[in-house]
Amino acid sequence: MSSMRRVLIAVLVAATAVFALFVTAGTAWGADDERVVRMARPTWDTGWFQAEVYGLLLERLGYRVEGPVTMSNPEFYAAVAAGKVDLWASGWFPLHDSYIEGVDSVEVVGTQVDDGALQGYFIDAATAEAYGITNLGDLADPAVAGLFDHDGDGLADLVGCEVGWSCAATIDHHLSAYGLTGTVEHVQGAYSPLITETLSRHRAGQPVLYYTWTPNWTVGVMVPGRDAVWLEVPFPSLPADQASALERTAIAGIDGCANDPCQTGWPPNDIRVVANSDFLDANPSVQRLLDQVVIPLEDISAQNVRMVQLGGDPQDIRRHAEEWIDANLAAVSRWIETADPDAVALKDAAGDAAASGTLRVAARPLPPFVIYEDRAYSGFEVELVRLVGAQLGMDVEIHAVDTVAKQIDDITRGVAQLGLGGVAITGAREEVADFSVPVLDSGLTILTTTDDSRGLGDRILSFFSAIASSDLPWLLVVFGVAVLVAAHMIWWLERRHNPDFAVPYRKGIWDSFYWSVVTMSTVGYGDKVARGTRGRVLALIWIALGTLVFASFTASIASSLAVNELRSEISGPDDLLGRRVATVVHSAGESYLPSIGVGPVVVDRVDDAYRLLSEGEVEAVVFDAPVLQYHAAREGAGEVITVGSDFQRVQYGLMLSEQDAELRERVNLALLDLVESGVYGRLHDGWFGSSS
């Protein structure tokens, strides 16, 4: 019996050990599985900042973040419902209501932006004021619609949504409901280059009509109430799947709208996290975190402007998110403490994605590398890539992006295989992408005005500037004192016997002053002359001295003007010291100029630098040589020139995936063939002039 008891005890101990091992292993696997978050983000890069913020927050909660993987709306909602991804931070509601209706495996969590995501129609403020346009229905008038006709088809060009976006159906519905299909064309295509072209038209003084949303960088550039006017719609009308939101389309407190509340025609949207329900059930701390997070609309919009204007790389967007976390550390700490008081933050983790597909190109518009006009692409690198495609026997498909970060993302996930648009080869970029052999070896250069472009006003100012900077003011003082002394001496010597120098003093001194001036200048009209011996001796001495004084006076003017003319010539970086020089923010020029002692005037866009130069606010512009040379040869021909040799070497290349070494090799061989055949040289000279 005792032996049986020992056997039973041994079996129980063994079973317990096996069970404990199983539970421990199972718990460890479950913990590892539950501590990973698979994130997605939208195809519009204005939503990437929020994705980075949420990723950082989840890492502080102790989760390893995989991704985020870029997905379209249909792709994400299908994937999250199937449990293939866990969440994203870019749900727009009610706009995305149709994606989650009747789907039990998806849950909307928290409210990142409450009723702040707005959409609507805009025109430039100048045209609105000039023609009294306040309502989209005003475009039913063909004369009004014709103001916005840029392609000559008689219809107003409304830059709207890309095909497949949820907003596209709403715009088409509005045009039909308001009877505008006969006067307004919904212009659809790649939104980024279309809206960029629209803003360029506005800067050129042309009327513009467009759709946009908040948060978006466009409202930071075309500020409603200052640069743009928000158009109301004639009456509320929405597609059937949004009919429940009809009463919410009139929004109060909108800047740039004729009425308050403003009938925008679009309900305000909440920006919310969308997550897989099973994931949330298994990770309650994540749900508690997501329920709390709020990112102010103003912060999102400000980051979007920074990203687009500065051409943000992926690390820039990540840095913007880290800076936002640091600036809101008190709220972040409170969110983490509420979600999980025992949370231990993890370090950054990144996911990888492989590239595949055909020869598709993500292009960032930057003349002369990439130009997008009249819905067509051109430019030095565009033509070069088409030649490469021909060498490889492949068609080239191009789509536009706003930032280098979006190019890298498109290449990483296989949407594109090449990135172009004046992308400089840098160490930071080579860490996340690969490059072809350099397609252009250039640098910085200097742009300044031509002599012929200087107007009469500039020349007059230059004349007086030369005088003010010379010894002439002191010579004038000496000249005046000498004339007064000679006038008093001649009056004193001639007053008693010469009627030309009258008495009393108040009358005679004026005559004497007149004599002193005309004698010194060797004009000598002869109407007043010295008659006495002592007066004539003084006259001879004064003529001799006056000739020297007057000669010195005229020589000073001539030399000052000559020196000023020599100083006005800029031929290289050494001539920039002490001058007002413009460059573009975050460019090589901004880094270089302080190194030679020049504090630059920094602008957001190179077009702003051109304007400052033409208005005389700066004397030169320092920026990428290909860009300035292109401008000088075309838009600025006859008004501006580039001077001196290029400096601060910069190499530009075609960006490729690190995972596609075979394509890189084929592209490089095609480029070398184009160089050896002379085709590259002819293309280069056609865009930039003959090579030096």
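Taken together, the values in this text are just the output of simple stated rules run on the coordinates, not laboratory data. Owing to the predicted nature of the structure, the values given are computational and were not obtained by experimental measurement. Every residue, glycine among them, receives a Cβ derived from its backbone with ideal geometry; neighbour counts consider all protein chains shown.
Figures for the structure shown
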item: Leading residue at positive end of dipole, the chain (Cβ point charges), from GLY532, GLY132, VAL423; result: GLY532
item: Semi-axis lengths (Å, descending) of the ellipsoid that matches the C-alpha gyration tensor of segment 201-298; result: 33, 19, 12
item: Cα convex hull of segment 249-290 - mean projected area over all directions, nm²; result: 4.3 nm²
item: For segment 97-142, the fraction of alpha-carbon pairs in successive 10 Å shells from zero, as %; result: 18, 29, 18, 21, 14, 1
item: Mean-position separation - Cα centroids, segment 571-599 and segment 105-142, in angstrom; result: 41 Å
item: Packing rank of 395-401, 193-199, where each peptide gets the mean count of other beta carbons within 10 Å, highest leading; result: 193-199, 395-401
item: Debye log10 I(q)/I(0) for segment 51-201, one point scatterer per Cα, at q = 0.15, 0.21 Å⁻¹; result: -0.92, -1.37
item: Reduced Cα scattering model of segment 192-241, Debye log10 I(q)/I(0), q = 0.22, 0.24, 0.26, 0.29 Å⁻¹; result: -0.88, -0.99, -1.09, -1.24
item: Cα convex hull volume per residue for the chain (Å³); result: 271 Å³
item: Separation in nanometres of the label points that stand 7 Å from Cα toward Cβ, at ALA258 and ALA428; result: 4.7 nm
item: Förster-model FRET efficiency, 30 Å R0, LEU545 and VAL643, C-beta, rounded to 0.05; result: 0.05
item: Backbone N under 16 Å from the THR450 label point (7 Å along Cα→Cβ), restricted to segment 611-651; result: 614, 629-644
item: Spatial extent of segment 603-666: Rg and Dmax, with the Cα atoms as the point set, Å; result: 16.7, 51
item: Derived scalar couplings ³J(HN,Hα) [segment 287-300; Karplus, 6.51 cos²θ - 1.76 cosθ + 1.60; whole Hz; x for Gly, Pro]; result: 4, 5, 5, 5, 5, 9, 5, 9, 10, x, 4, 5, 5, 5
item: The chain, helix-only ellipticity at 222 nm - DSSP H runs n ≥ 4, -39,500 (n - 2.57), divided by all residues, nearest 500; result: -14000 deg cm²/dmol
item: Separation in nanometres of the label points that stand 7 Å from Cα toward Cβ, at TYR131 and VAL602; result: 4.0 nm
item: Residue order, fewest to most beta carbons within 10 Å, for ILE251, ILE490; result: ILE251, ILE490
item: The chain, relative contact order in percent, only Cα pairs under 8 angstrom and at least six apart counted; result: 14 percent
item: Dipole magnitude (debye, nearest 20) for the chain, charges at Cβ of Lys, Arg, Asp, Glu; result: 3360 debye
item: Ranked packing of 337-343, 587-593, most packed first, by mean Cβ within 10 Å; result: 587-593, 337-343
item: Residue-span extension gain [SER277 to ASP114] - 0.36 nm each, minus C-alpha spacing; result: 56.5 nm
item: Theoretical FRET efficiency, 1/(1+(r/R0)^6), r = Cβ-Cβ of LEU476 and ARG634, R0 41 Å, to 0.05; result: 0.30
item: Rounded, prolate or oblate (a/c below 1.5 giving rounded, otherwise prolate when a/b exceeds b/c) for segment 119-267 by Cα gyration tensor; result: rounded
item: Signed unit charges on C-beta, dipole axis of the chain, positive-most listed residue HIS684, GLN188, PRO142; result: HIS684
item: Most positive-pole-ward Cα, SER587, GLY83, ALA275, against dipole of the chain from beta carbon charges; result: SER587
item: Radius 14 Å from Cβ of LEU683, net charge of other residues (Lys, Arg +1; Asp, Glu -1); result: -3
item: In the chain, lysine pairs with alpha-carbon atoms under 25 angstrom apart (chain gap of 8 or more, or interchain); result: 4
item: At R0 = 60 Å, FRET efficiency that the Cβ-Cβ distance of TYR505 and SER571 yields, to 0.05; result: 0.55
